[in-house]
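Working notes for the structure below.
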Amino acid sequence: MRRTVVALLSAVGLMLGTAAPVLAYDPVNIVHTERVQVGPYGMTVGFSTWPVKAMQSLDFTFMPDGGIDGKSGRLVEVNPNAGQGNRGEPLARHPRKRDVWGLDVRSLPAPGDWTLRFTINGPAGQGTGELRGLQVMDQPGPPLGLSWAISTLPLFGLIALIVVAWRRTRRPAGVPVPA
């Protein structure tokens, strides 16, 4: 009994000891930056993937000079095909890089020249600035419709398998149920 308990505790300790590094989140790797002047505030916009492609998730980071303490911000994404789509969203801390503002796992839905419009309120007053001409390339991979069509093929195979199995295992009408 004692050996079993020791073996069980060893297995649990081994699982918990090796799980900690796996559960740690990946840091945000910034591979490209752009500088934007937002009124009196300079800001660095970072991208985790470059070049930016439509429908491809990436992390955006927004680092105003002097940090984000005592400041608030707002971001408006201007779509080149549809214009300004919304009133924007407040800038919040990046969930994996807490010392800057950011967007985690975000994608831009369409290719073209995007504009990111920023508003920052801080000790030096309110400032507005834009990152113009953010070139977003076409979506990587096959067209979205073709991807969906290919991905549903296993579902149709599963439905066919269930129908065949159901037809082979059901009782014909008029056959009595054994007692």
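The values are calculated or read from the model by the stated rules, or taken from the named source; none is laboratory data. Please read all numbers here as calculations on a predicted model, not as lab measurements. Note that we place each Cβ from the backbone using ideal geometry, even for glycine, and neighbour counts take in every protein chain shown. We work out accessible area using only protein heavy atoms, side chains counted, and drop any ligands, DNA or RNA first. Shrake-Rupley method; radii C 1.70, N 1.55, O 1.52, S 1.80 Å.
Structural remarks
- Virtual spin-label span in nm between residue 56 and residue 6, 7 Å along Cα→Cβ: 5.5 nm
- Carbon and sulfur %, accessible surface of the chain computed with the full protein complex present, 1.4 Å: 61 percent
- Candidates 75, 16, 131: whichever shows maximal mean-square fluctuation once the chain is modelled as a Gaussian network with Cα springs under 10 Å: 16
- Listed options for semi-axes √(5λ) of the Cα gyration tensor in Å are (i) 25, 20, 15; (ii) 49, 31, 15; (iii) 37, 22, 14. The value calculated from this structure is the one marked (ii).
- For residue 49, the residues whose modelled amide H falls within less than 5 Å of its own, excluding neighbours fewer than 5 places apart on the same chain, are 31, 59.
- Solvent-accessible area per residue for the chain (1.4 angstrom probe, square angstrom): 67 Å²
- Helices of the chain meeting both criteria, an alpha-carbon length of 27 angstrom or more along the long axis and an average Kyte-Doolittle score not below 0.0, with helices taken as full DSSP H segments, are 2-23.
- Estimated at 0.36 nm per residue, the fully extended path between residue 16 and residue 87 surpasses their Cα-Cα distance by 21.0 nm.
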